[in-house]
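The values are calculated or read from the model by the stated rules, or taken from the named source; none is laboratory data. Note that the coordinates shown come from a computational prediction; the quantities given were computed from them, not determined experimentally. So basically every Cβ, Gly included, is an ideal-geometry build from the backbone, and we count neighbours across all protein chains shown. Ligands, DNA and RNA are stripped out before the accessible areas are found, and what is left, the full protein with its side chains, is counted by its heavy atoms. Shrake-Rupley method; radii C 1.70, N 1.55, O 1.52, S 1.80 Å.
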Amino acid sequence: MKLHHISSSMMFVNTYILMDEKAGEAVLIDPGFINPELFQFLEQCPCKLKYLIATHGHGDHTGLLAEVKDRFGGLVCIHEDDAHFLTSEMAFRQFGGANLGLRPAAPDILLHHGDKLTAGDITLTVYHTPGHTPGGICLEAAPYLFTGDTLFHDDVGRTDFPGGSASQLRHSISVVLGGIEGDLQVLPGHEEFSTLAYEKANNPYFKAV
Ligand SMILES: [Zn+2]
Ligand SMILES: [Zn+2]
């Protein structure tokens with residue numbers, strides 16, 4: 001399993017591509033909404049995209065799903081509780097997806113807590129971590145933990161958007177992510193990387209239930 005990371009746009013959205021080059025399969029996590037580097041990368045990528053996963057429904061992460069799917073294929077995956085961001089034109093517009101003439105991509109697979117997605121030697125385990133949005137997820141593919149807008153380096157996601165909940169976010173972080181054993185590299189939806197051990201020791205959300 002090989003990881004490629006792209007930081008794009010003025011919001012420093014993190015896009016991740018996991019690849020098994022031998023099997024020729026790849027998984028894309030959060031294409032972002034302004035990301036020319038992603039298309040350059042995919043044009044020369046030897047792997048076929050199997051899954052296009054959105055960590056949650058916000059347009060800064062999902063805006064390019066439709067274009068990626070049209071050009072490179074792959075199945076659009078999102079948690080059931082955030083699917084409305086992609087199926088409702090209004091929700092998609094409201095969260096920034098329409099600013100650049102982007103359009104929603106209907107989900108192919110609705111994800112749930114505990115689901116596993118496999119592509120070549122890559123296995124991703126889905127953790128439902130609501131709070132930033134109702135259907136936010138984190139994805140584990142050891143040694144990596146993709147945390148979307150749930151957990152950041154020394155920080156957590158905002159809960160003041162519609163559907164956000166501070167108490168749910170506390171539970172998601174302290175109980176759901178807090179229950180993950182061992183150390184993993186935390187790869188968030190924006191900005192800097194961290195580690196689970198560092199966040200457990202320093203991020204106050206891990207201490208509060
Ligand atoms: Zn978000
Ligand atoms: Zn975001």
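Among F72, F85, which is the only one that is closer than 17 Å to G136 by Cα, over 12 Å from the mean Cα position of the chain (by Cα) and in contact (Cβ under 8 Å) with a residue 12 or more places away in the chain?
Exactly one residue qualifies, and that residue is F85.
Could you say which residue among P104, P130, P134 is closer than 19 Å to K50 by Cα, in contact (Cβ under 8 Å) with a residue 40 or more places away in the chain and in a loop (DSSP other than H, G, I, E, B)?
Exactly one residue qualifies, and that residue is P104.
Right, I109: aliphatic (A, V, I, L, M) and within 16 Å of ligand 1 (Cβ to nearest atom) or not? Before you say what the answer is, go through the steps one by one.
Working: aliphatic (A, V, I, L, M): yes; within 16 Å of ligand 1 (Cβ to nearest atom): no.
No.
Do we find a residue being within 20 Å of V76 (Cβ to Cβ) and in contact with a helix residue (DSSP H, G or I) (Cβ under 6 Å, 6 or more places away or on another chain) anywhere in the stretch 193-204?
Within the stretch 193-204, none of the residues are within 20 Å of V76 (Cβ to Cβ) and in contact with a helix residue (DSSP H, G or I) (Cβ under 6 Å, 6 or more places away or on another chain).
Could you identify the single residue in A201, A197, A166, A208 that is aliphatic (A, V, I, L, M), at pLDDT below 95 and more than 24 Å from A119 (Cα to Cα)? Lay out the reasoning, then the answer.
On the way: A201 fails: at pLDDT below 95; A197 fails: at pLDDT below 95; A166 fails: at pLDDT below 95.
Going through A201, A197, A166, A208 in turn, the sole match is A208.
Restricting to the stretch 99-117, name every residue that is open to solvent by 40 Å² or more (accessible area, probe 1.4 Å), over 24 Å from L151 (Cβ atoms) and of a type outside the set (A, V, I, L, M, F, W, C).
Scanning the stretch 99-117 gives N99, G101, R103, D108.
Against the condition within 16 Å of ligand 2 (Cβ to nearest atom), within 22 Å of P143 (Cα to Cα) and of a type in the set (S, T, Y), how does T55 come out, does it pass?
Spelling it out, T55 is indeed within 16 Å of ligand 2 (Cβ to nearest atom), within 22 Å of P143 (Cα to Cα) and of a type in the set (S, T, Y).
Name every residue in the stretch 137-154 that is within 16 Å of ligand 2 (Cβ to nearest atom) and at negative phi, in order of residue number.
Once the filter is applied, which keeps residues that are within 16 Å of ligand 2 (Cβ to nearest atom) and at negative phi, the stretch 137-154 yields I137, C138, L139, F146, T147, D149, T150, L151, F152, H153.
Do the conditions hold for T133, that is, is it under 14 Å from T195 (Cβ atoms), β-branched (V, I, T), crowded, with 20+ Cβ neighbours inside 10 Å and within 16 Å of ligand 2 (Cβ to nearest atom)?
No: the conditions fail for T133.
To keep it simple, each residue is scored yes or no on (1) open to solvent by less than 50 Å² (accessible area, probe 1.4 Å); (2) closer than 15 Å to I137 by Cα; (3) in contact with a helix residue (DSSP H, G or I) (Cβ under 8 Å, 6 or more places away or on another chain).
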site	(1), (2), (3)
H5	no, no, no
S9	yes, no, yes
A23	no, no, no
A26	yes, no, no
L49	yes, no, yes
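If you take the residues of the stretch 141-199 that are over 20 Å from S8 (Cβ atoms) and among the β-branched types (V, I, T), which of them is most open to solvent (accessible area, probe 1.4 Å)?
It comes out as V175.
Considering the stretch 162-179 alone, what residues qualify as being in a loop (DSSP other than H, G, I, E, B) and more than 10 Å from G131 (Cα to Cα)?
If the condition is that a residue be in a loop (DSSP other than H, G, I, E, B) and more than 10 Å from G131 (Cα to Cα), then P162, G178, G179 are the ones that fit.
Run G182 past the list (1) away from ligand 2 (no atom under 16 Å from the Cβ); (2) in a loop (DSSP other than H, G, I, E, B); (3) within 29 Å of D70 (Cβ to Cβ) and report the number of the one that doesn't hold.
(3)
Filter the stretch 142-157 down to the residues that are of a type in the set (D, E, K, R) and part of a loop (DSSP other than H, G, I, E, B), then identify the one that is farthest from ligand 1 (Cβ to nearest atom).
Applying the filter and picking the extreme gives D154.
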